[in-house]
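Worksheet: the structure to be examined is printed underneath.
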Amino acid sequence: MKISFPYMGTSHIAFKMLVKDLGHEPVVPPKPSKKTLTYGTQNSPEFACLPFKILLGSYLEAIEQGAELIITSGGAGPCRAGYYGVLHQKILQDLGHDTKITVMESPYRDIIDFLGKIRSVIKPGGVSWWTFIRVFKKAWEKLKALDDAEILSHEIRPFEISRGETTKVFKKCLDIIDEAYTLKEIQEAAEVTKKMLKSIHQDRSRRVLNVGIVGEIYVVLEPFANLEIETMLGEMGVQTHRSIYLSDWTRENTGFESKANVIKAASPYIDELFGGHGICSVGHTVLYSKKGFDGVVQLAPFTCIPEIVAKSILTQVTHDYGIPVLTVFLDEQTGKAGLQTRLEAFVDLLGQKRDVIEGAAMEGIAI
């Protein structure tokens, strides 16, 4: 069977191997592009958010490549992401496609349903449950290696001497991790890519700003959706820290990691989940402030209710903690040049604020 999945950040590299190990033919959607977004926009309701449109466009491109089944994740709470699978399936049917979408919900919600869907994906007469656990572990190691390489690239980019070198090396790292197949090869690739990134010529004497990235998971993880905002900030001399990576999300939704500390940080402002990653945007902003970050950028799809609610709360967080927050709403009309101008202004303000605080500290003045 030809199986596809959403294109989100670097995760397709791990998913491709997992599908292949399960005895199926992986269909990797093309990297999201203007064509992808056009496909999605033309066939989506006008009020649909940016992730909905990009995902639909990716599915249509995967179907053009022969995808027979699309595996995606679900969502809980008031966020509309919980209905994406159903709506995408209906749109595909209306367009005359018989490709099926299987939505993998968190095992917390219904473990029997979760295991049943995994069984339906395992090729009949193919791998056993023991083999599935083994190949899943291997895919997990690859996903972690991808996330670790990306985290390191964001730490190094603001210090690079030759602009763009980190991005070039990171792309080579992705190829190396992609080619690694056995568990040993993946672990070796993780070490090799770490050394490659650390060998980039850097000027560690630079004073860089530290900015946290919060918001809705898809626009935070997918560079096409956020117009490569972390690369832009890095090249402006800003070290970014993303509040979520797919490996984090997986651990949280399978019970291996808790976000209780994030929810606790948000509790003085909101004490109940209101869908999506809204409460996490609030909690992480509080934590970033306590860790001494210079600012936070909130990424939100236009019309995303959880992030709109979070934005209204973040105004009070800024007042209480003094941490500046820039909210960027993203849709198909958002342009890279306009975003870069906003980021440059925000970074300038953060730099001025730091200079004032450091100057006051030298004079013994409390701010």
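Since every read-out is calculated from the coordinates, none of them should be taken as a lab result. These numbers were taken from a predicted model, which means no experiment stands behind them. Positions of Cβ are generated from backbone atoms using ideal geometry, with glycine treated the same way; all protein chains shown enter the neighbour counts.
Of the residues 17, 196, the one with the fewest other Cβ atoms within 10 Å heads the list, and the complete ranking is 196, 17.
So for the chain, taking the charge dipole from beta-carbon charges (+1 Lys/Arg, -1 Asp/Glu), which of 121, 286, 327 sits furthest toward the positive end? Positive-end residue among those listed: 121. About its Cα centre, the chain has a charge dipole of approximately 620 debye under the convention of +1 per Lys or Arg Cβ and -1 per Asp or Glu Cβ, with nothing else charged. Residue-wise HN-Hα couplings along region 11-25, as the Karplus relation 6.51 cos²θ - 1.76 cosθ + 1.60 with θ = phi - 60° gives them from phi, are 4, 4, 5, 6, 4, 4, 5, 4, 4, 5, 5, 7, x, 10, 9 Hz; Gly and Pro carry x.
Classify region 2-127 as rounded, prolate or oblate from the Cα gyration tensor: take a ≥ b ≥ c as the square roots of its eigenvalues, call it rounded if a/c is under 1.5, otherwise prolate when a/b beats b/c and oblate if not. Oblate is the answer for region 2-127, as a/c is 1.5 or above yet b/c matches or exceeds a/b. With neighbours defined as other Cβ atoms within 10 Å of a residue's Cβ, the residues 68, 344 order from fewest to most as 344, 68. Each residue of region 85-102 was assigned a 3J(HN,Hα) from its phi angle through the Karplus curve 6.51 cos²θ - 1.76 cosθ + 1.60 (θ = phi - 60°); the sequence is x, 5, 5, 4, 4, 5, 5, 4, 5, 5, 8, x, 9, 9, 5, 8, 10, 9 Hz, with glycine and proline shown as x. Annotation: amide H of residue 27 within the under-5 Å range of 3, 4, sequence separation 5 or more or interchain, hydrogens built in the peptide plane. Classify the chain: rounded, prolate or oblate, from the alpha-carbon gyration tensor (a ≥ b ≥ c, eigenvalue square roots; a/c under 1.5 rounded; otherwise prolate if a/b is larger than b/c)? It is prolate, given that a/c is not under 1.5 and a/b is the larger ratio. Were the residues from residue 291 through residue 115 laid out at 0.36 nm apart, the gain over their Cα-Cα distance would be 59.4 nm. Less than 5 angstrom separates the built amide H of residue 330 from those of 300, 302, all sequence-distant by 5 or more or on a different chain. When you work out D = kT/(6 pi eta Rh) for region 122-273 at 10 °C and 1.306 mPa s, using the Kirkwood radius from C-alpha pairs as Rh and the Stokes-Einstein form, the result is 91 µm²/s. Among beta bridges identified by DSSP and lying wholly in the chain, the antiparallel ones come to about 5 percent.
The label point for residue 342 and the one for residue 64, both projected 7 Å from the Cα toward the Cβ, are 2.9 nm apart. Among 193, 341, 131, sorting on how many other beta-carbon atoms sit within 10 Å of each Cβ, with the fewest leading, yields 341, 131, 193.
Think of region 9-77 as having a plus end and a minus end, set by charges on the Cβ of Lys, Arg, Asp and Glu; of 12, 26, 66, 12 sits farthest toward the positive end of this dipole.
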